[in-house]
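Peer 1: The structure is given below, and queries will be raised subsequently.
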Amino acid sequence: MKLNEIVGLPTANLFERLPLNGQVGETTRNGYGLAYAGDKVPIRTDEGVETRTVAGTNTLAKVNVSHRKEFNFLNNVARGFVFQAHDNLNGNIDWTFSPSHAAPVLMKVEENNGRAEAFYRIADSAGQIIDPGSFGSLWTGIASSLFNCHDFTGVRMFYKRPDSLNAGCAGTLSGKNFGFAWANKSMEAGVLYLRTIFYTPLAVYSIKNACASGSPLLVTSAQVSSNFDEFVGLKHNVEATTLNDLFELVRQGKMCIRADNNDVKIWWNEDELYKELEQNYAANFNQQIEDNSDFQLCTAEGAQK
């Protein structure tokens, strides 16, 4: 008899050999289970299961847990990755748990008298302007009224480019202001639209227009701001605070997972996040397409990387 393979075996998954014991053997685990060290991370809230430090000898592995909550790490380093596990192949496994609020945002940049600028600032729940690090976020051009989806320098719109700190009109402002600035007396009149996703700690953060050469515009999934006075909340409707939440969001398609024998990574699904944001600007874009034959949507595939 000859057997032909129809479907290959699934890739091995690091979690397949990591029993998350929960409350079993809370005081000591000898010859079975996992020994946790480091930060406490909630696995399931309904059963009070978390990665508590448990003494043990001859466990299957020791898991070193790091729970990252800093704005700079979540937004500028992890950039959407909410969980990463790595097997060091020496009995030690590293976990980095970094849950975040994922907030997609659209920003407009409009030319006016040879300048095209748009800057914003980020505030915490007390309204204090924060310092997110060397950049505020990574932006991609998604629409332009300039020829062939060009920016104000005559090149194709960019893909995930970090914004600048206190440049252009923001140079005289206090605090940390991030955005983009072009200046050229012969610059062609037009408008660009950029989008990004902010990844913030599980707390209240907001964004507001700081300065702009034209009419300001910030759009989130829940709100539209076209002035310099209004703060717009940086929060998506979906929240994940436990490891079990992450797996549930993977099941729903709102997060993605890549797993093999030694590594597991879970991150926010950007395409799903942007779908909700698009509902708040799609009608405006459609109207501009009808009114201006030069206005067009730009694909990320065609953007400069």
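Peer 1: How big is the chain on each of its three principal axes, counting only the C-alpha atoms and giving the largest first in Å?
Peer 2: Principal extents (Cα only, largest first): 74, 62, 31 Å.
Peer 1: If you put +1 on each Lys and Arg Cβ and -1 on each Asp and Glu Cβ, how big is the dipole of the chain around its Cα centre, in Debye rounded to 20? The partial results should precede the final answer.
Peer 2: Working: 27 positive and 34 negative charges, 136 e Å.
Using Cβ point charges on Lys, Arg, Asp and Glu, the chain gives about 660 debye.
Peer 1: Another question, then. Starting with the fewest neighbours, write out Asp163, Asp131 ranked by other beta-carbon atoms found within 10 Å of each beta-carbon. The partial results should precede the final answer.
Peer 2: Numbers: Asp163 21, Asp131 12.
Result, fewest neighbours first: Asp131, Asp163.
Peer 1: Next up: For helix 282-291, report the angle its Cα long axis makes with the longest principal axis of the Cα atoms of the chain; keep it between 0 and 90° and round to the nearest 10°.
Peer 2: Helix 282-291 sits roughly 30 degrees off the main axis of the chain.
Peer 1: Based on the alpha-carbon gyration tensor of the stretch 248-292, what equivalent-ellipsoid semi-axes (square roots of 5 times the eigenvalues) come out, in whole Å, largest first?
Peer 2: They are 35, 10, 5 Å, listed from largest to smallest.
Peer 1: Any idea how far apart Ile129 and Asn88 come out in nm if each label point goes 7 Å out from Cα toward Cβ?
Peer 2: Once both label points are built, they end up 4.2 nm from each other.
Peer 1: Using the alpha carbon gyration tensor of the stretch 160-207, what are the three equivalent-ellipsoid semi-axes (square root of 5 times each eigenvalue), largest first, in whole Å?
Peer 2: Those come to 26, 16, 8 Å.
Peer 1: Can you tell me the 0 to 90 degree angle between the C-alpha axis of helix 243-252 and the longest principal axis of the chain, rounded to 10?
Peer 2: On a 0 to 90 degree scale, this one is about 60.
Peer 1: Taking the Cα centre of the stretch 233-284 as origin, sum charge times position over the Cβ atoms of Lys and Arg (+1) and Asp and Glu (-1), and report the length of that vector in debye to the nearest 20.
Peer 2: 40
Peer 1: Hey, with R₀ at 45 Å, roughly what FRET efficiency would Asp229 and Tyr32 work out to, going by the Cβ-Cβ distance, to 0.05? Before the final figure, lay out the partial values.
Peer 2: Numbers: r = 60 Å, r/R0 = 1.33.
That gives a FRET efficiency of 0.15.
Peer 1: Please name which of Gly136, Cys149, Ala181 has its Cα lying farthest along the dipole of the chain towards the positive end, using unit charges on Cβ (Lys, Arg +1; Asp, Glu -1) and the Cα centre as origin.
Peer 2: Checked the options; the winner is Gly136.
Peer 1: Compute a Gaussian network model of the chain, connecting alpha carbons closer than 10 Å, and tell me which residue from Ala118, Ala103, Ala222 fluctuates the most.
Peer 2: Of Ala118, Ala103, Ala222, the most mobile in the Gaussian network model is Ala222.
Peer 1: Ok, one more. Given 20 °C and 1.002 mPa s, how large is the Stokes-Einstein diffusion coefficient of the stretch 107-167 in µm²/s, with Rh as the Kirkwood radius over Cα pairs?
Peer 2: Answer from the Stokes-Einstein relation: 160 µm²/s.
Peer 1: Bins of 5 Å, beginning at zero and ending with the bin holding the largest distance: percent of Cα pairs per bin for the stretch 214-285, please.
Peer 2: Calculated over all Cα pairs of the stretch 214-285, the distribution is 3, 13, 20, 17, 16, 11, 9, 7, 3, 1, 0 percent.
Peer 1: At q = 0.12, 0.14 Å⁻¹, work out log10 I(q)/I(0) for the stretch 159-290 with the Debye formula, treating every Cα as an identical point scatterer and leaving solvent out; two decimals please.
Peer 2: Taking Cα atoms of the stretch 159-290 as identical point scatterers yields -0.64, -0.83.
Peer 1: When the Debye formula is applied to the Cα atoms of the stretch 64-111, each taken as the same point scatterer, what base-10 log of I(q)/I(0) results at q = 0.21, 0.26, 0.32, 0.33 Å⁻¹?
Peer 2: Those come out to -0.76, -0.94, -1.15, -1.19, one per q.
Peer 1: Give the list, by residue number, of cysteines in the chain with no other Cys Cβ closer than 4.7 Å, or say none.
Peer 2: Lone cysteines by the Cβ rule: Cys256.
Peer 1: Neighbour counts of other C-beta atoms within 10 Å: give me Ile207, Ile130 arranged from fewest to most.
Peer 2: Ile130, Ile207
Peer 1: Next question. Only residues of the stretch 202-226 count here: report those whose backbone N is under 14 Å from the spot 7 Å along Cα→Cβ of Glu276, or say none.
Peer 2: 220-223
Peer 1: Next question. Using alpha-carbon pairs under 8 Å, 6+ residues apart, how would you state the relative contact order of the chain in percent?
Peer 2: 22
Laboratory data are not the source of any read-out in this text; all were calculated from the coordinates shown. Values in this document were obtained by computation on a predicted structure and should not be read as measured data. In this analysis, Cβ positions are derived from the backbone assuming ideal geometry, glycine residues included, and neighbour counts consider all displayed protein chains.
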